[in-house]
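For reference, the structure discussed in these notes is given below.
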Amino acid sequence: MTDRRPLLLLDTASLYFRAFFGVPDSVKAPDGTPVNAVRGLLDMIARLVTDHRPSRLVACWDDDWRPAFRVEAIPSYKAHRVAEVLPGGEEAEEVPDLLSPQVPVIAEVLAALGIARVGAPGFEADDVIGTLVARERARPAAQRSPVDVITGDRDLFQLVDDEARVRVLYTQRGIKDLEVVDTARLREKYSVASGQAYADMAVLRGDPSDGLPGVPGIGEKTAAALVARYGDLAGILAARDSGDAGLTKSQRAKLVEAADYLAVAPTVVRVAPDAPVGELDDTLPETPADPERLVELTTRWGLTSSVTRVVTALTRD
């Protein structure tokens with residue numbers, strides 16, 4: 001029988017962006033460098049470990065924030081977030097100037113603490129999370145841990161699965177008041193019956209914040225109603241192609257006009273369950289992995305209170 005305490009999967013960029021905007025940039029290291037995102041993220045981790053007592057935790061990382069396979073499918077995907085194209089064609093994401101230097105510090109502190117941090121070449125953190133969820137779901141039931149995904153990104157609602165005990169803890173109200181998103185919450189808020197149904201609804205609805213146009217003229221409520229009526233996106237497209245009477249003339253016309261988008265959008269919207277994530281030790285450490293390095297980083301960046309909170313949370317029974 002496995003330890004039934006949860007596996008926490010952190011959408012790390014979502015959390016450190018939230019920390020950056022939630023903690024004043026007057027929080028600085030001794031040399032005057034802002035460390036508000038670093039401090040804020042560490043405080044979030046301390047709170048999550050204290051409140052949820054996980055046995056395993058992974059800080060999931062964006063190795064590629066705008067993967068080529070998604071851009072090839074829909075060129076507008078996150079295009080509005082491109083700050084510049086670097087030599088060699090690599091695209092730099094638009095990130096606040098005061099946040100960018102803090103990201104490597106976060107990585108160093110997590111390593112010194114011994115908290116697993118993992119990305120996958122050519123994939124986003126969402127895909128890393130999706131892959132780790134798929135791996136957990138593939139375990140025999142007796143060896144499977146419940147999974148809590150910590151994120152401010154609704155895209156990950158598609159992973160919700162009550163039977164596999166996968167929930168999303170949504171940060172919109174803050175880390176101290178996480179919204180538990182399970183199947184009941186999806187039904188209540190979005191009128192969809194599963195995480196997969198949420199993904200199909202999201203394909204139809206689109207998401208301007210990610211540069212996904214959706215099907216023009218089909219909003220969230222109509223999308224959810226269509227998914228409920230036909231079961232899934234494949235069922236909706238079959239109804240479109242067969243002239244099913246359950247679709248209005250207007251709905252069918254909109255779906256026909258968006259045929260090219262609908263042929264590729266699922267690849268963009270659905271998180272990958274098979275990103276090249278290597279084997280990792282995701283056991284939550286009871287003590288820091290590299291105490292000397294942690295002391296050095298703590299002193300250099302003025303992180304004493306936040307690091308102490310994390311270490312205290314790790315060592316608590």
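The values are calculated or read from the model by the stated rules, or taken from the named source; none is laboratory data. Computed from a prediction, not measured in an experiment: that's the story for all the values here. Neighbour counts run over all protein chains shown; Cβ positions are idealised from the backbone, glycine included. Only protein heavy atoms, including side chains, enter the accessible area calculation; ligands, DNA and RNA are left aside. Shrake-Rupley method; radii C 1.70, N 1.55, O 1.52, S 1.80 Å.
Tabulated values for the structure
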| quantity | calculated |
| --- | --- |
| Of 43, 127, 290, the one that fluctuates the most in a GNM where the chain has Cα springs shorter than 10 Å | 290 |
| Anisotropy class of the range 24-168 from Cα gyration tensor, a/c 1.5 cut | oblate |
| Accessible surface of the range 256-317 [probe 1.4 Å, protein heavy atoms]: carbon and sulfur percent | 51 percent |
| Calculated from backbone phi, Karplus (6.51, -1.76, 1.60) coupling profile of the range 110-117 in Hz, x at Gly/Pro | 4, 5, 5, 6, x, 8, 4, 10 |
| Average accessible surface area per residue within the chain, 1.4 Å rolling probe, Å² | 46 Å² |
| Segment residue 163-residue 295, extension gain: residue separation times 0.36 nm, minus the distance between their alpha carbons | 43.2 nm |
| Between 0 and 90°, nearest 10: helix 195-205 axis offset from the chain longest Cα axis | 70 degrees |
| Sequence of 21, 123, 157 from largest to smallest accessible area, 1.4 Å probe | 21, 123, 157 |
| The range 35-54-the range 247-262 distance, computed between alpha-carbon centres (Å) | 45 Å |
| Full-extension gain in nm, residue 237 to residue 25, via 0.36 nm per residue minus C-alpha separation | 71.4 nm |
| Probe 1.4 Å - accessible area at residue 47, Å² to nearest ten | 90 Å² |
| Between 0 and 90°, nearest 10: helix 125-138 axis offset from the chain longest Cα axis | 80 degrees |
| Under Karplus coefficients 6.51, -1.76 and 1.60, residue-wise ³J(HN,Hα) of the range 215-223 in Hz, glycine/proline x | 8, x, x, 10, x, 4, 5, 5, 4 |
| The chain, relative contact order in percent, only Cα pairs under 8 angstrom and at least six apart counted | 25 percent |
| Top of 141, 120, 193 by mean-square fluctuation, Gaussian network on the chain, Cα under 10 Å | 141 |
| Listed residues 231, 119, 40, most fluctuating in the chain (Gaussian network, C-alpha, under 10 Å) | 231 |
| Restraint check, 78/189; 28/78; 78/254; 78/221, Cα-Cα greater than 28 Å | 28/78 |
| Whole-Hz couplings from phi, Karplus 6.51/-1.76/1.60, listed for the range 299-312; x for Gly and Pro | 5, 4, 9, x, 10, 3, 5, 5, 5, 4, 4, 5, 4, 4 |
| Entry for semi-axes √(5λ) of the Cα gyration tensor in Å (calculated from the structure that is shown) out of (1) 37, 23, 16; (2) 36, 19, 16; (3) 32, 22, 18 | (1) |
| Gap separating the Cα centres of the range 148-169 and the range 90-143, nearest whole Å | 16 Å |
| For residue 56, residues with placed amide H under 5 Å, excluding near neighbours | 8, 284 |
| By average C-beta atoms within 10 angstrom, highest first, the peptides 260-270, 177-187, 198-208 | 198-208, 260-270, 177-187 |
